[in-house]
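Peer 1: Have a look at this one.
Nothing in this text is a laboratory measurement; each read-out follows from the coordinates by a stated rule. Being a predicted model, the structure only gives us computed values, none of them experimental. We place every Cβ from the backbone using ideal geometry, glycine too, and count neighbours over all the protein chains shown.
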Amino acid sequence: MSNSGEPKAVTTPHIVKEELIAAGKWVKLEKTTYVDPAGNTRTWETAKRTTRQTNTQADGVGIIALLKRTLHKDCVVMVKQFRPPMGCYTLEFPAGLIDEGESAEAAALRELKEETGYKGEVVGVTPVTCLDPGLSNCTTQIIMVNINGDEMENINPTQQLEFVEVILLPLDEFQTKIDQLLKKEKIVVDSKVYIFAMGMAQAFFKPRELPILKQ
Ligand SMILES: Nc1nc(=O)[nH]c2c1ncn2[C@H]1C[C@H](O)[C@@H](COP(=O)(O)OP(=O)(O)O)O1
């Protein structure tokens, strides 16, 4: 790297035009023409969902649902399902697309009920977050939900989706349990899930390894 020579022109990068290359019912491919920070006009191949609702910036929601029961460890409610684009089973947080006129919070509680049978209460919401910005404009909001597992309707929850398996994993062993599952089965874990698992391990277990805290 060198600091010599003419300073590069600095431009505010921006989109010039978006041209449709192909469209299906759920997904479309566009050629995006844009100006890069150096002022050069370039193109990019962009995938978009066709289903994004008006008045929302997020395509869907992901739900971090904590099942809280007396005399049980708190568990994260996970779903395992066959995902055609991956060609295999995946381990994910419950998730789904936001319907027209629906808030992210309402979508999260609806999807949680449909996919797992549990009735939850929203305790946190992320901003709109991107999922794979080098490929797609797809966005999600992650909704944190608590489930009172002692409530009657959450004792034997009935899910509405036949091909979605609900898996409960204890929060305090989340990463270890995922690792065990990955060793046992041919399954791919969603990156959001694994990052959350690593974050939990760092937050809860690493500080206790500091010498000062061991005394
Ligand atoms: N990319 C997709 N291709 C499809 O052929 N069908 C798709 C795509 N994305 C969504 N869907 C369909 C499948 C479901 O019937 C509905 C709703 O999905 P939803 O449950 O909201 O979301 P996921 O659980 O994340 O699939 O859309």
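Peer 1: Provide the gained length on full extension for the span Asp99 to Glu151, in nm with one decimal, where the gain is 0.36 nm per separating residue minus the Cα-Cα distance. Provide the component values of the computation, followed by the final result.
Peer 2: Values: separation 52, 0.36 × 52 = 18.72 nm, distance 2.77 nm.
Full-extension gain reported as 16.0 nm.
Peer 1: Tell me the mean residue ellipticity at 222 nm calculated for the chain from its helices only (DSSP H runs of n ≥ 4, each -39500 (n - 2.57), averaged over every residue, nearest 500).
Peer 2: Numbers: 4 runs with 42 residues, N = 215.
Computed mean residue ellipticity for the chain: -6000 deg cm²/dmol.
Peer 1: Which whole-number percent gives the relative contact order of the chain, counting Cα pairs below 8 Å spaced six or more residues apart? Could you put the intermediate results ahead of the total?
Peer 2: Working: 412 pairs, mean separation 40.2, N = 215.
Reported as a whole number, the value is 19 percent.
Peer 1: Starting from a Cα-only point model with no solvent, please compute log10 I(q)/I(0) by Debye for the chain at q = 0.07, 0.10, 0.18 1/Å.
Peer 2: Summing over Cα pairs of the chain leads to -0.31, -0.59, -1.31.
Peer 1: Something else about it: Tell me, what is the Rg over Rh of the stretch 16-112, with Rh the Kirkwood radius over Cα pairs?
Peer 2: Details: Rg = 18.6 Å, Rh = 16.6 Å.
Rounded to two decimals, Rg over Rh is 1.12.
Peer 1: Continuing with the same structure: So which aspartates and glutamates can Lys31 reach, going by Cα to Cα under 14 Å and dropping same-chain residues fewer than 8 places off?
Peer 2: List returned: Glu18, Glu19, Glu45.
Peer 1: Identify all aspartates and glutamates with a Cα-Cα distance to Lys192 below 20 Å; exclude those on the same chain that are fewer than 8 residues away in sequence.
Peer 2: Once the sequence-local aspartates and glutamates are set aside, what remains near Lys192 is Asp59, Asp74, Glu92, Glu105, Glu111, Glu115, Asp132, Glu165, Asp172, Glu173, Asp179.
Peer 1: Also, quick follow-up: Roughly how far apart, in whole Å, are the Cα centres of the stretch 92-134 and the stretch 13-60?
Peer 2: Spelled out, the Cα-based centre of one part sits 23 Å from the other.
Peer 1: Please give the length that would be gained between Val27 and Thr43 if that part of the chain were fully extended, namely 0.36 nm times their separation in residues minus their C-alpha to C-alpha distance (nm, one decimal). Walk me through the numbers on the way to the answer.
Peer 2: Values: separation 16, 0.36 × 16 = 5.76 nm, distance 1.93 nm.
That works out to 3.8 nm of additional length.
Peer 1: Okay, next question. Can you pull the one-decimal nm distance between simple spin-label points at Val188 and Val10, each 7 Å off the Cα toward Cβ?
Peer 2: So the two model labels end up 3.9 nm from each other.
Peer 1: Under 11 Å from a point 7 Å along the Cα-to-Cβ line of Val123: which residues of the stretch 62-88 have their amide N that close?
Peer 2: 65-69, 74-75
Peer 1: Rounded to the nearest 5, what % of the DSSP beta bridges within the chain are antiparallel ones?
Peer 2: In the chain, DSSP labels about 75 percent of beta bridges as antiparallel.
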